[in-house]
Every structure is written in structure tokens, then in C-alpha cells.
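Engineer: Let me begin by handing over the structure; questions about it come next.
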Amino acid sequence: MRQTAAPRERDLGAQADAAGLLLPGTGGQCLGTVLPAVADALGVDLGGADARRRIGMPDAARVCVVLVDGLGWSNLVERAGHARFLRPRLADATPLTSTFPSTTATAMGTFGVAVPPGGTGMLGYTVRDPGTGRLGNLVSWTDMPPAEQWQRRPTAFERLIGAGVAVTSVGPARFAGSGLTQAALRGATYRAAETLAARVDATVSALRAPGVAYLYWGDVDKAGHHHGWGSWQWGDALAELDFELGRLARSVPAGTVIVVTADHGMVDVDLSARWDVATTPALADGVALVAGEPRAMHLHLEPHADAEQVRARWADVLGEHALVTSRDEAVAHGLFGEVEAWVQPVIGDVVVAMSGRATVVDSRTQSPASLDLVGVHGSLTPHEMLVPCLVIV
């Protein structure tokens, strides 16, 4: 049995404030309230009345929800010159917070199921499956149990459909029936469309009848990963998105409400502040497996490792570049929301959130392509945590 020294009392909230980090739910509204608010606008009670009031969504028979992968609030505001359609709508909008980790699989779970990650078990790009002890990937859904066994709660789409609302999901063909889709968004009728223009056309077609249409677009995130969110390529991706959103708004039936949101934002890496667990003995000692991603890690320890010693050693090595805490502290401070018993062992014995633009990689388990990413996300900085929620009527 793992021996753990009694840690000194730490205030995770104060540490986050001092490091300029945002805990999930700061400001009261989070990504998981979007679909309940949409449901309330359609007359279905999923507990979203207050959220609907806060984001200013009117009654509607048709709602289009657009989720743009990687379109952080701060990223959008700072590059708004590429967004002629969205830019005038920023002044009256209040951003939401994403999840921790602020990454697609985790955020999509909370968005689609309307509960925090502690209820979905979707706790990072990769997670340790307690049943096998192996590292599983929640985006490709490799080395994972069936999605319905891992993410056990009904999705918001299933609950809407159960209330008699038609729901259509529009995205790439490869996502139809994928593990992540089944975990976070199951229940909707899926329409495959590859280009953004084709997805807008499919969405407009779906909204000829009352109901909800959900449109996903991932190329903003892709441009950021490969070139950085400050690049001209990211600006071009934003401009393409903005143009098609304008066309969507002009094309949907009268009275349709459009909600534009995102799963997370992004920072560009600082290679001078990067550590590799594989080549840093002080980080590797006692650590059996590193789950998560370079901005947010779950450290699963060797059976006889002392969790407090590992935490202290990581905190010493990373210094001001990271917030390093124990599983118990992370849970107690609501980093993952209310945590179900089966999710507890999915959380690392030690949890790490990077600050600034620093990263920790593990070249033993991460692909060369992932090590070369320019734009990254997952942690608690405002650029990663704040996402837009723009209501267009």
C-alpha cells in the first residue's frame, strides 16, 4: 500500500490566484451550462433556467449550437481583426470557463453531458484505465472500454430527444459513432459533412424543422496546434470560420437562435520552459505513468512511492511554472467538480497544472508529432480556460 506523508495545509485557490490561474466555474458560468440553457429556451427543463438568463437566450423553436474547437475567448478577442462578423458581438458577451483539464475530450464530456469531469470520467487527452492499468486515449478512444461503459450518464442530447426535441449533429464522417461522440454526444441524428461550407448547408437544412442542430468545427484548433494561435494560419482559419458563421446567420429560418461557443483556448509553447519526464530523474522517480497532456498531468505513482514527496519534488523542479497538488486537494477544491467513486482512481495521485507557457512532456509515451506542437492547452490560464458564448438572434 502506498505510503503518503501528511501534507501541510495548502490553499489551492490562493495558489491559483497567485499564479494567475482560473479554477473551473470562476464567474459562475461554465461550458456545461450551455446545453441546459438551450433546452430551457426550447421549453425542456434540464436545470438551465439560470444559465439561460445569464447568457441572454430568448425562447426559440430552433437553436443552432456551434462549437469551435480551440477558439478561446482571449484568443478571439486578441485576433478579432480577422472576425468581422463576430467582433461586434464580443462587447455584450460574457465568457464561460472550460474544464480542467481544458482539453477537447474533457470539455466535450462536460459540454455534452452537462456535468463536471468528476461525473464523466473524461479527465484528459489520455487517462489511466483503472481496470487495465494502461494509458487510454479519449480522443481516438484507443485502449478504452466501450464509451457507454466509461461515460455512463445520459447525454443532454439523449434527454432532449426523450422530451420530444429533434437533435441533429453535423461533423466529419470519421466522428460518426466514434468513442468520443458516443461518450459525450450520443443520441443525435448524425449528418456527415467535411468542409465548413458543407456543414453550414447541412445545418441550415436540418433547421427547416424545429429542434436543435449542433455544428462542430476543428480547423481553428488544428491551425493553432501546428502553427500557434498568433500565426497567420490561425488568423486565416478564424477568418474562414467568421465568414461561414455570417452565412449561417443569414441562411437559417427566421427566429432561429445561434449559440457560438468553444471547448478551450490555447497558448503557444515556450521551449525554454519544457521538461521531459523521460530525461529528468527528479520527475521520473516514483512515477509509474503520466496521463493527461503537456499542460495538465495526472501522475500515477509506483505502489510504494510517497505521494507527498513526489508532489514536493515536482513542485521544486517546476517552481513558478506549475501548480502541483495532491489528488485529495484537487478534489476538495472542486478542480473536477463532484467526483464519483469510480472516477477517483482515474485522477492522478499527484495533479499538475502548468502556468505561463511551460510544458512537461514524456517522450516515452508521447508521439514525436505531439512533442512538436506549437499551440497547446489543458491548463488553467485565462487563455486556455475562457471560452466565448455568443448568442446571435
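Engineer: Read phi for every residue in the stretch 86-103 and hand back ³J(HN,Hα) as whole Hz from Karplus 6.51 cos²θ - 1.76 cosθ + 1.60, θ = phi - 60°, with x for Gly and Pro.
Structural biologist: Once rounded to whole Hz, the list reads 7, 3, x, 8, 6, 4, 9, 9, 10, x, 9, 9, 7, 9, 10, x, 8, 9.
Engineer: Residue by residue, what Karplus-based ³J(HN,Hα) values in Hz, rounded to whole numbers, does the stretch 148-161 have, using 6.51, -1.76 and 1.60 with θ = phi - 60° and x for Gly and Pro?
Structural biologist: For the stretch 148-161, the Karplus-derived couplings read 5, 7, 7, 9, 8, 7, x, 7, 5, 5, 4, 5, 5, 4 Hz, x marking Gly and Pro.
Engineer: Rounded if a/c is under 1.5, else prolate if a/b beats b/c, else oblate: with a ≥ b ≥ c from the C-alpha gyration tensor eigenvalues square-rooted, which is the stretch 309-393? Don't jump to the answer; show the numbers that get you there.
Structural biologist: Working: a/c = 1.64, a/b = 1.11, b/c = 1.47.
Oblate shape, in that a/c is at least 1.5 and b/c is the bigger or equal ratio.
Engineer: Using only the Cα atoms, what convex hull volume per residue in Å³ does the stretch 108-245 have?
Structural biologist: Details: hull volume 16.0 nm³, N = 138.
Convex hull volume per residue, Cα atoms: 116 Å³.
Engineer: Then there's this: Hey, if you put +1 on the Cβ of every Lys and Arg and -1 on every Asp and Glu Cβ in the chain, which of His333, Phe157, Ala213 ends up farthest toward the positive end of that dipole?
Structural biologist: Selected residue: Ala213.
Engineer: May I pose another question? Amide H neighbours of Leu323 under 5 Å, counting only residues 5+ apart in sequence or on other chains, H built in-plane at 1.01 Å?
Structural biologist: Those qualifying (amide H under 5 Å, at least 5 residues apart or on another chain) are Ala353, Met354, Ser355.
Engineer: Determine, for each peptide in 139-147, 299-307, 59-67, 379-387, the mean count of other beta carbons within 10 angstrom over its residues, then list the peptides with the highest first. Walk me through the numbers before you get to the answer.
Structural biologist: Working: 139-147: 15.7, 299-307: 17.9, 59-67: 21.6, 379-387: 26.1.
Final packing ranking: 379-387, 59-67, 299-307, 139-147.
Engineer: Considering the Cα trace of the chain, what is its radius of gyration and what is Dmax, both in angstroms?
Structural biologist: Over the chain's Cα set, Rg and Dmax evaluate to 20.3, 64 Å.
Engineer: Would you please classify the overall shape of the stretch 229-268 from the alpha carbon gyration tensor, given that a ≥ b ≥ c denote the square roots of the eigenvalues, rounded means a/c under 1.5, and beyond that prolate means a/b larger than b/c while oblate covers the rest?
Structural biologist: Details: a/c = 6.86, a/b = 1.92, b/c = 3.56.
Oblate, since a/c reaches 1.5 and b/c is not below a/b.
Engineer: Hey, what number do you get for the chain at 222 nm if only DSSP H runs of n ≥ 4 count, each worth -39500 (n - 2.57), divided across all residues, to the nearest 500?
Structural biologist: Numbers: 17 runs with 130 residues, N = 393.
It lands at -8500 deg cm²/dmol.
Engineer: List the residues whose amide H sits under 5 Å from the amide H of Gly292, counting only those 5 or more places along or on another chain, with H placed 1.01 Å from N in the peptide plane.
Structural biologist: The answer is Tyr125, Thr126, Val127, His298.
Engineer: Over what distance in Å are the Cα centres of the stretch 308-364 and the stretch 153-192 separated?
Structural biologist: 32 Å
Engineer: Still on this structure, I have one more. Taking the Cα centre of the stretch 270-373 as origin, sum charge times position over the Cβ atoms of Lys and Arg (+1) and Asp and Glu (-1), and report the length of that vector in debye to the nearest 20. Walk me through the numbers before you get to the answer.
Structural biologist: Details: 7 positive and 16 negative charges, 52 e Å.
Dipole magnitude for the stretch 270-373 comes out near 260 debye.
Engineer: Further question: Can you bin the stretch 238-393 into rounded, prolate or oblate? Criterion: square roots of the alpha carbon gyration tensor eigenvalues sorted a ≥ b ≥ c, rounded for a/c under 1.5, prolate for a/b above b/c, oblate for the rest. Don't skip to the answer; put the middle values down first.
Structural biologist: Details: a/c = 2.87, a/b = 1.89, b/c = 1.52.
In terms of gyration-tensor shape, prolate.
Engineer: To check you understand DSSP bridge types, tell me what percent of the beta bridges within the chain (both residues inside) are antiparallel, rounded to 5.
Structural biologist: On the way: 28 of 53 bridges.
Restricted to the chain, the bridges split so that about 55 percent are antiparallel.
Engineer: When DSSP beta bridges are limited to those with both residues in the stretch 270-373, what percentage is antiparallel, rounded to the nearest 5?
Structural biologist: Details: 15 of 18 bridges.
Of those bridges, close to 85 percent are antiparallel.
Engineer: Could you pull out every residue, at least 5 positions away or on a different chain, whose amide H is within less than 5 Å of the one on Val287? Hs are placed 1.01 Å off N in the peptide plane, and Pro or chain starts have none.
Structural biologist: Under 5 Å from the amide H of Val287: Glu302.
Every read-out reported here was derived from the displayed coordinates using simple, explicitly stated rules and does not represent laboratory data. Here the structure is a predicted model, which means the values were calculated and not measured. In this analysis, Cβ positions are derived from the backbone assuming ideal geometry, glycine residues included, and neighbour counts consider all displayed protein chains.
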